[in-house]
Amino acid sequence: MDFKNAAELLILCEKENCPISEIMKRRECDLAETTNEELSKRMHKALTIMKKASTEPLTNPRRSMGGLLGGEARLVNLHRQEGKSICGNILSQAIAYAMGVLEVNSSMGRIVAAPTAGSSGVVPGVFLALQKEYDISDEKLLTALYNSSAVGYLAMRNATVAGAVGGCQAEVGVASAMAASGAVELMGGKPAQCLDAASTALMNLLGLVCDPVGGLVEYPCQYRNAIGVANALTAAELALSGVKQLIPFDEMLAAMYHVGRRLAPELKETAMGGCAATPAGCAACVGCE
């Protein structure tokens, strides 16, 4: 049960009368020749890693190897706990979780690259915030992970998730699309709504450059993950509200890939443009090879 694009995925969902998560689960079992039990075990392991990476920095901040990050996630979480958040509880919590994962990644901790290390905070940030707000079980949360895996698979098969190839739109943009789609299914949306949300999330970050200060996956990566969760939740809200996306996910993915290929080299992970080339960005990396 394989699919090459989102259009084929939707046909399978309709034919089998099941959600995206179930199609992706069957695909993995068929092609990897594994069992549901083994697949579930691996996904639980990924979820456990995500939870730890998201929550530990909220009480125990971690300084990054390059010295550009450390304690930001805890500050956001404290602001939320004090009742001062202007974003609302879900978004504020998602931002804190996402930023926490980037602290863990940049301090050589263990994360789940979903789809990359530089964008690893978006998916857990969204899913864990929804889990906490709506008291969602881990088993149900796995359906969102399977769903988001399908979107990530399509991005890797038909475009790219590498910042060096497509800019940050290919990293945080795809991560945001994955999270948006999974969130829609998690909250009861239909397959078509999931992919509408994914398309919207990708559209909103189209053209986003990859410009890591000092060449480190720290800044502005952590901030971009925070924006990624806000974008994903917004896209999911639109889809669940019945707002339809004009451009199908397959076409949006192709547009993202085309834009990424046309970005100047200095805007694709070379640390030679954008934020990395600002005076402040250069000054922050004195002594950082």
### Task
Sort out which residues of the range 230-269 are more than 28 Å from Phe127 (Cα to Cα), open to solvent by 60 Å² or more (accessible area, probe 1.4 Å), touching a Gly at 6+ places or on another chain (Cβ under 9 Å) and not basic (Lys, Arg), and write them in order of number.
Pro265, Glu266
### Query
Only one of (1) surrounded by 15 or more Cβ atoms within 10 Å (Cβ to Cβ); (2) modelled with pLDDT of 95 or more is not met by Asn60, so which one is it?
(1)
### helices (runs of 4 or more DSSP H) contained entirely in the range 1-62, each with at least 1 residues that are farther than 26 Å from Leu195 by Cα
36-59
### Message
If Ala94 meets every condition in (1) touching a residue at least 24 places away in the same chain (Cβ under 8 Å); (2) surrounded by fewer than 20 Cβ atoms within 10 Å (Cβ to Cβ) apart from one, which number is that one?
### Response
(2)
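Out of the residues in the range 69-83 that are assigned to a loop (DSSP other than H, G, I, E, B) and in contact with a Ser or Thr (Cβ under 9 Å, 6 or more places away or on another chain), which is nearest to Gly228 (Cα to Cα)? Explain how you work it out, then say what you get.
Step one: list which residues in the range 69-83 are assigned to a loop (DSSP other than H, G, I, E, B), which gives 69-71, 82-83.
From what is left, the residues that are in contact with a Ser or Thr (Cβ under 9 Å, 6 or more places away or on another chain) are 69-70.
On the way: Leu69: 18, Gly70: 19 Å.
Only one residue tops the list, namely Leu69.
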### Summary
For Asp30, the lone unmet condition from (1) more than 29 Å from Gln93 (Cα to Cα); (2) surrounded by 13 or more Cβ atoms within 10 Å (Cβ to Cβ); (3) in contact (Cβ under 8 Å) with a residue 12 or more places away in the chain is (2)
### Scope the range 135-153; condition small (Gly, Ala, Ser) and either part of a helix (DSSP H, G or I) or surrounded by 21 or more Cβ atoms within 10 Å (Cβ to Cβ) (or both); matching residues
Ala144, Ser148, Ser149, Ala150, Gly152
### Residue satisfying all of: in the range 154-170; of a type outside the set (A, V, I, L, M) and touching a Lys or Arg at 6+ places or on another chain (Cβ under 8 Å); most open to solvent (accessible area, probe 1.4 Å) among these
Arg157
### Task
Inspect the range 116-133 for any residue being under 19 Å from the mean Cα position of the chain (by Cα), surrounded by fewer than 24 Cβ atoms within 10 Å (Cβ to Cβ) and in a loop (DSSP other than H, G, I, E, B) and give the result as yes or no.
yes
### Task
Give me the pairs, please: first residue somewhere in the range 13-24 and open to solvent by less than 50 Å² (accessible area, probe 1.4 Å), second residue anywhere and of a type outside the set (A, V, I, L, M, F, W, C) and in a loop (DSSP other than H, G, I, E, B), beta-carbon distance under 8 Å, and either six or more positions apart or on two chains.
Cys13/Pro19
### Summary
When Leu186 is run through (1) among the hydrophobic types (A, V, I, L, M, F, W, C); (2) open to solvent by 30 Å² or more (accessible area, probe 1.4 Å); (3) over 22 Å from Ala7 (Cβ atoms); (4) more than 15 Å from the chain's Cα centre (by Cα), the failure sits at (2)
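The values are calculated or read from the model by the stated rules, or taken from the named source; none is laboratory data. Worth saying up front: this structure is predicted, and the values here are computed from it rather than measured. Note: ideal-geometry Cβ built from the backbone for every residue, glycine included; neighbour counts use all protein chains shown. In case anyone asks, the SASA skips ligands and DNA or RNA and just uses the protein heavy atoms, side chains included. Shrake-Rupley method; radii C 1.70, N 1.55, O 1.52, S 1.80 Å.
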